[in-house]
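The values are calculated or read from the model by the stated rules, or taken from the named source; none is laboratory data. Owing to the predicted nature of the structure, the values given are computational and were not obtained by experimental measurement. Cβ: placed from backbone, ideal geometry, glycine included. Neighbour counts: every protein chain shown.
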Amino acid sequence: MDGELREDLAAAGVEVLVRPLAVLRRAALSAGGLASIGGALARDAGGLARIVRARDVRVIHTNTSVTLGGAAAARIARVPHVWHVREIYAGFERFWPAYRRLLLSADALPCVSQATRAQLGTTAKAHVLHDGLALAPERAERTAARAALDLPSDAFVVAILGRISSWKGQDVLIHALAQTAGDSTIALIAGDPWQGEERRLDELRALARSLGVSDRVHFAGFRSDVENVYGAADVVAVPSTQPDPLPNAALEAAAAGCCVVAADHGGLPEILRDGATGRLVAAGDPAALARALALLRADPVARERLGTAAAADVRARFSAARMLARTQELYDTLV
């Protein structure tokens, strides 16, 4: 589709062809879902293969959760296929063996985290290729940021950024907030639900009311000015209840110098080291999150130390330059 990426590539002199593709998402991992997109995938494969041959394409690089057409096109056109594994398939065990066999048909399987790579077993095709930071996040000045978000200057603010969903943990933060009765801690929830999933937001509002903390939960909606969210927050929480492969919410907040508290599973322990560059707590445990937040609230020096250490560490280990160099090395090996 048209957008900033296409414009940037075109400005750099890269030819860009846009072709709508059938999308395979987690919701389609059922017998009926797979059957419904079979015809569209076949059309994708043929169309992509013709483009590959016409332009002498040397490598096809696709992402999991996006399309299967690239895999079939690579086989038809007889070119190397890189399948970038960006998901952890917890909860989809019924379909995982078949999908794993399909993934193993690729020539290389770069994985965004060790947690993602582990589900593929001992295959030599899979290796860890961490994503790089797509931008250099900054923190706005605290007073200005809080004014922009209509937040009190003296509150302890815990922010959570990202899509409102059943597993990103906004509900865990609200439950944790309810365990901090009597103080001025505020939960800043920045993000919107997917279209058609607006009930998720309604459920969070109802949860806050039922726990008596609706006056301390600030729903900011989608914010393009993330620098204000970072600047206003004393702590950024990433309490995912399901294993998150390598969440940008943690990467970017840490790179911005925020003190981050995250769930201790998925790719999050690869981003943060507990006690050194952030805090890790048991997943889905509001009490554990509340305890960590209480300790950090009482120790602003620790918050500053963790945020400063995280910024230096994450910007070095997850730089765009490092990711691009490793991707180019992979392409060079295949061709």
Q | So G121, is it more than 30 Å from A287 (Cβ to Cβ) and not basic (K, R) | A | yes
Q | Residues located in region 133-164, provided they are touching a residue at least 60 places away in the same chain (Cβ under 8 Å), among the hydrophobic types (A, V, I, L, M, F, W, C), more than 22 Å from D192 (Cβ to Cβ) and in a loop (DSSP other than H, G, I, E, B) | A | L133, A136
Q | Test for A176: is it hydrophobic (A, V, I, L, M, F, W, C), more than 23 Å from A283 (Cβ to Cβ) and in a helix (DSSP H, G or I) | A | no
Q: May I ask you to list the residues in region 69-99 that are within 21 Å of the chain's Cα centre (by Cα) and either in a loop (DSSP other than H, G, I, E, B) or within 25 Å of E15 (Cβ to Cβ) (or both)?
A: V82, W83, H84, R86, E87, I88, Y89, A90, G91, F92
(Q) Against the definition (assigned to a helix (DSSP H, G or I), touching a residue at least 12 places away in the same chain (Cβ under 8 Å), assigned by TED's automatic domain parsing to the domain that holds I186 and closer than 15 Å to H175 by Cα), how does A292 come out, yes or no? (A) yes
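To keep it simple, each residue is scored yes or no on (1) within 16 Å of the chain's Cα centre (by Cα); (2) of a type in the set (D, E, K, R); (3) crowded, with 17+ Cβ neighbours inside 10 Å.
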| residue | (1), (2), (3) |
| --- | --- |
| L120 | no, no, no |
| L129 | yes, no, yes |
| L149 | no, no, yes |
| I164 | yes, no, yes |
| V172 | no, no, yes |
| L177 | no, no, yes |
| D192 | yes, yes, yes |
**Q.** Positions within region 62-93 being surrounded by fewer than 21 Cβ atoms within 10 Å (Cβ to Cβ), touching a residue at least 60 places away in the same chain (Cβ under 8 Å) and of a type outside the set (F, W, Y), in sequence order
**A.** P80, R86, E87, A90, G91
Q: Starting from region 97-111, take each residue that is assigned by TED's automatic domain parsing to the domain that holds A73 and list its partners that are at pLDDT below 90 and surrounded by fewer than 16 Cβ atoms within 10 Å (Cβ to Cβ), counting only C-beta distances under 9 angstrom and pairs at least six apart or across chains.
A: Y99/F92; S105/R75
Q. What number of residues in region 282-306 are within 22 Å of the chain's Cα centre (by Cα) and surrounded by fewer than 24 Cβ atoms within 10 Å (Cβ to Cβ)?
A. 5
Q: Report yes if some residue within region 318-325 is charged (D, E, K, R), in a loop (DSSP other than H, G, I, E, B) and out of contact with any Cys (no Cβ under 7 Å at 6 or more places or on another chain); otherwise report no.
A: no
Q. Residues of region 1-41 being at pLDDT 65 or above and surrounded by 14 or more Cβ atoms within 10 Å (Cβ to Cβ), which ones?
A. R6, L21, A22, L41
